[in-house]
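K.L.:
Next up is a structure, given as structure tokens.
The values are calculated or read from the model by the stated rules, or taken from the named source; none is laboratory data. No experiment lies behind these values; they were computed from the predicted model shown. Please note: Cβ atoms are built from the backbone with ideal geometry, for glycine as well, and neighbour counts cover all protein chains shown. Areas reflect the complete protein model, heavy atoms only, side chains present, ligands, DNA and RNA absent. Shrake-Rupley method; radii C 1.70, N 1.55, O 1.52, S 1.80 Å.
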Amino acid sequence: MKIVVATGNQNKAREIREIFRDLDLDVVTMKEEGIDSDPEENGATFAENALIKARAVHALTEYIVIADDSGLIIDALNGEPGVYSARYLGYDTSYHVKNANLIERLSGVPEDRRSARFACAIAAILPDGTELVTEGTMEGIIGYEEKGENGFGYDPILYLPQFQRYSAELTPDEKNAISHRGEALRKMYHELQRYL
Ligand code: IMP
């Protein structure tokens, strides 16, 4: 059985392949399947947006479909940038600018009110239309400077107190073991086992 990932991103496909390796599933990206899909992500939550992406591809294939949506939630900013994380200050704005802006917006906010987390929702749709959603988070605080060269996006500003390091200072393996996406994917792996 094939599982089509609703992304062109090979890194996401690779991570899914690793976590799902015990399942008898061939993980392919939608591009590899010749599917082109870019629905408007107008949901209010990560789960809604993951489902929007999964449903759009489900309409175009008979295989299992999996989609994700993720972002950064900053409590002191009422959850911003949230579902707008990729669009925050514009898609094409560099993450150095986005990160510096968020640190600036938190200036004067004490450490005990700088809590934040990466959140991820994974949606899967089975060939019969059954919809499954799992979620994961990675908790931290927004630091006072950007730090670390690994990862991407907002990794340089999320400080992880339990590791005493920024997310961008973790190796890929260290991050996958604790990340929001890893947690949501491992939960989905267990959900799918009940159906396959
Ligand atoms: P998505 O690809 O539509 O889910 O957009 C997720 C956005 O959230 C990315 O563009 C990043 O800005 C942010 N994001 C999600 N996960 C991470 C992460 O692990 N590290 C850093 N930024 C992340």
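K.L.:
Using a probe of 1.4 angstrom, how much of the accessible area of the chain is carbon and sulfur, in percent?
P.N.:
47 percent
K.L.:
Considering only DSSP states other than H, G, I, E and B, which chymotrypsin sites (Phe, Trp or Tyr not before Pro) in region 123-182 qualify as loop sites with at most 14 other Cβ atoms within 10 Å?
P.N.:
For chymotrypsin sites (Phe, Trp or Tyr not before Pro) across region 123-182 that sit outside H, G, I, E and B with at most 14 neighbouring Cβ atoms in 10 Å, the list reads 144, 152, 163.
K.L.:
³J(HN,Hα) across region 120-131 via Karplus (A = 6.51, B = -1.76, C = 1.60, θ = phi - 60°), whole Hz, x for Gly/Pro?
P.N.:
9, 10, 10, 10, 10, 10, 7, x, 7, x, 4, 10
K.L.:
Right, here's the next one. Using a 1.4 angstrom probe, figure out how much accessible area the chain has per residue, in square angstrom, rounded to the nearest whole.
P.N.:
Accessible area per residue: 51 Å².
K.L.:
Okay, helix-only estimate at 222 nm for the chain: each DSSP H run of n ≥ 4 adds -39500 (n - 2.57), divide by all residues, round to 500 deg cm²/dmol; what do you get?
P.N.:
-8500 deg cm²/dmol
K.L.:
I would also like to ask the following. Could you work out, for the chain, what percent of all Cα-Cα pairs fall into each 5 Å distance bin, beginning at 0 Å and stopping at the bin that holds the largest distance?
P.N.:
Pairs per bin, as whole percents: 1, 8, 16, 20, 19, 15, 11, 7, 3, 1, 0.
K.L.:
Calculate the length of the line joining the C-alpha centroid of region 1-24 to that of region 124-196, in whole Å.
P.N.:
Here the two parts' Cα centres lie 15 Å apart.
K.L.:
Further question on the same structure: From the phi angles alone, apply the Karplus equation (6.51, -1.76, 1.60; θ = phi - 60°) to region 142-152 and give each ³J(HN,Hα) in whole Hz, x where the residue is Gly or Pro.
P.N.:
With the stated coefficients, region 142-152 comes to 6, x, 9, 7, 7, 8, x, 10, 8, x, 7 Hz.
K.L.:
Restricting to Cα pairs below 8 Å that are 6+ residues apart, what does the relative contact order work out to for region 1-64? Please round to a whole percent.
P.N.:
After rounding, I find 40 percent.
K.L.:
Still on this structure: Determine ³J(HN,Hα), in whole Hz, for all residues of region 153-161 in sequence, where each value follows from phi through the Karplus function 6.51 cos²θ - 1.76 cosθ + 1.60 and θ = phi - 60°; x replaces Gly and Pro.
P.N.:
My calculation for region 153-161 gives x, 8, 3, x, 10, 8, 8, 10, x Hz in order.
K.L.:
Quick one: which residues, 5 or more positions from residue 29 or on another chain, have an amide H under 5 Å from its amide H? H modelled 1.01 Å from N in the peptide plane, none for Pro or chain starts.
P.N.:
Amide H to amide H, under 5 Å and 5 or more residues apart or across chains, residue 29 pairs with 5.
K.L.:
From Cα pairs below 8 angstrom and at least 6 apart in sequence, can you work out the relative contact order of region 2-195, rounded to a whole percent?
P.N.:
Relative CO of region 2-195 lands at 18 percent.
K.L.:
How would you rank 131-141, 68-78, highest first, on the average number of other Cβ atoms within 10 Å across their residues?
P.N.:
Those peptides, ordered most packed to least, come out 68-78, 131-141.
K.L.:
Something else: Report D for region 1-77 in µm² per second (integer): Stokes-Einstein, Kirkwood Rh on Cα pairs, 37 °C, 0.692 mPa s.
P.N.:
Estimated diffusion coefficient is 249 µm²/s.
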